[in-house]
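Everything below concerns the one structure shown next.
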């Protein structure tokens, strides 16, 4: 017989942060399913392309605090 969800939640809350992170990874992979090899290859190509653009100076990075400041400003409108 399965334990009630409330009991499982209580047990999860008692775990260390590292244990919770490990459990979260397992659950996420369970929900997400196996990785699609084509998607993985496409992401690797995209990361390589973006990295090359940064390295060549074709694009400039924007610090995260600036990105969040701009977003916050836009959301206030």
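Looking at segment 25-56, which of its residues are within 15 Å of the chain's Cα centre (by Cα) and in a loop (DSSP other than H, G, I, E, B)?
Scanning segment 25-56 gives a single hit, 35.
May I ask you to verify whether residue 74 is outside the structural domain of residue 8 (by TED's automatic domain parsing), over 30 Å from residue 8 (Cα atoms) and part of a loop (DSSP other than H, G, I, E, B)?
no
In segment 1-24, how many are under 15 Å from the mean Cα position of the chain (by Cα) and surrounded by fewer than 10 Cβ atoms within 10 Å (Cβ to Cβ)?
0
The values are calculated or read from the model by the stated rules, or taken from the named source; none is laboratory data. Fair warning: this is a prediction, and the values are worked out from it, not measured in the lab. Positions of Cβ are generated from backbone atoms using ideal geometry, with glycine treated the same way; all protein chains shown enter the neighbour counts.
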